[in-house]
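Input: a single structure, listed below in structure tokens.
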Amino acid sequence: MKRVLYPLALAAGLAVVSLPATAFAGGVKSPWQLTLLESCKSEAFIRKTQAEAAARDVEAMAALGYLQAEGCGVPLNAEESARWLLAAATLGQADAMAALGYAYSEGIGVEQNDAEALRWTKLAADKGNVRGIFNLAVSYDLGLGVAQDKAEAVRLYAAAVEQGDTDAMHNLAIIYLRGEDVEKNEAEAARLWKRAADMGDPSSMAQLGAMAYWGKGMDKDLAAAMRWWRAAAERDDAGAMFLLGLMYETGDGVAQDDAQALDWIRKAAARDDANAMVNMGARYITGKGVGRDPKLARRWWQAAAGKGSGDAMFYLGMLFTDGDDGVAADQDAAVEWLRRAAQAGHVEAARVLRQNGIGVVAPGEPV
């Protein structure tokens, strides 16, 4: 098979960020959670909360359950956390209901149970709890434990947005961008991401940068794209780091700067961004900005392939086709990686397989 040229600059595209999972420990915190995470720094607060929880004060029980889930001021203990949350939720504490619903959905401290997850999440949402509303919206959005219902998801996301939940803003923006059971509205998607970005949400900053870069829902503005991607990157968003690095690499809207490009792309790869890993592999093949090392290229591509990158699978297939310094040729491995890439939808991998008379695995079929 003919050796492939390894492009360093991958097309950025308008890669819509995947929908976040139901949020409890991660994502945006509710005011209740934020208050507890600040208060848990005080030993006096922890002692008071523990004493009041032992005396069956419902707010203290809920607080102690959440803090044990976070390991904040008290040892991390998922099982004990679930016990306190169940006790508080049974007494009607809405934050505990939402947290318990998440615990059941993920099997954290309790046996995973979709029915119980949905029951407690609905109870929290019915009380107007923003985390309960958001988590229930995600359930309907993705069909988790319920029949998928985008219209109901939109209604619930909108209710959470009214309470200032940036996760809900982000997810609702995705629905409007894709036009999923609503009229496609790029301007509304951009407005929601702008609102969430102004509140400090890095994933929304990253997506708003993409909207500005491609002129989706707003005028095309490379300077604005750079500002939003930098803001997200400085908040540790790996995808934004990679896109910022690409702008420096290509000189698109900014003075071309190889050192800045490598610095941001390396940071993104270290944070497990698959596109950045592919880029680093290409750099080690070509020696651009780094010492040439095909073995390191293989490692980066294998890491990215483990995250489902079709580009990485394709490059591994081509690397094993001829071999390279320190990487022995391996035709069986080459074919396997090319077939995996084709299965992942990589058009060039499918073309290479066809040209060489090798059966092509269609996307979604077992390798």
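Quick note: the coordinates plus some simple rules give every number you see, no bench work behind them. What you see is a predicted model; the values in this text were computed from it and never measured. Neighbour counts run over all protein chains shown; Cβ positions are idealised from the backbone, glycine included.
Charged neighbours of residue 269, selected by a Cβ distance under 15 Å, balance to 0 (K, R count +1; D, E count -1).
With a cut-off of 12 Å between beta carbons, the residues surrounding residue 169 carry a summed charge of -3, where Lys and Arg count +1 and Asp and Glu -1.
Residues whose amide H falls under 5 Å from that of residue 324, counting only those 5 or more places apart or on a different chain, are 329, with hydrogens built in the peptide plane. All other residues whose Cβ lies under 11 angstrom from that of residue 337 are scored, Lys and Arg at +1 and Asp and Glu at -1, for a net of 0.
Just rank 192, 262, fewest to most, by other beta-carbon atoms within 10 angstrom.
Numbers: 192 28, 262 19.
Placing the least packed residue first, the sequence is 262, 192.
The angle between the Cα long axis of helix 274-286 and the longest principal axis of the Cα atoms of the chain comes to about 30 degrees, rounded to the nearest 10.
Each of 29, 307, 194 was scored by other Cβ atoms within 10 Å of its Cβ. Arranged with the fewest first, they read 307, 29, 194. Using the Cα gyration tensor of region 289-363, with a ≥ b ≥ c the square roots of its eigenvalues, what is the shape: rounded (a/c below 1.5), prolate (a/b larger than b/c) or oblate (neither)? It is oblate, given that a/c is not under 1.5 and a/b is not larger than b/c.
Among 167-178, 85-96, the peptide with the highest mean count of other Cβ atoms within 10 Å heads the list, and the full ranking is 167-178, 85-96.
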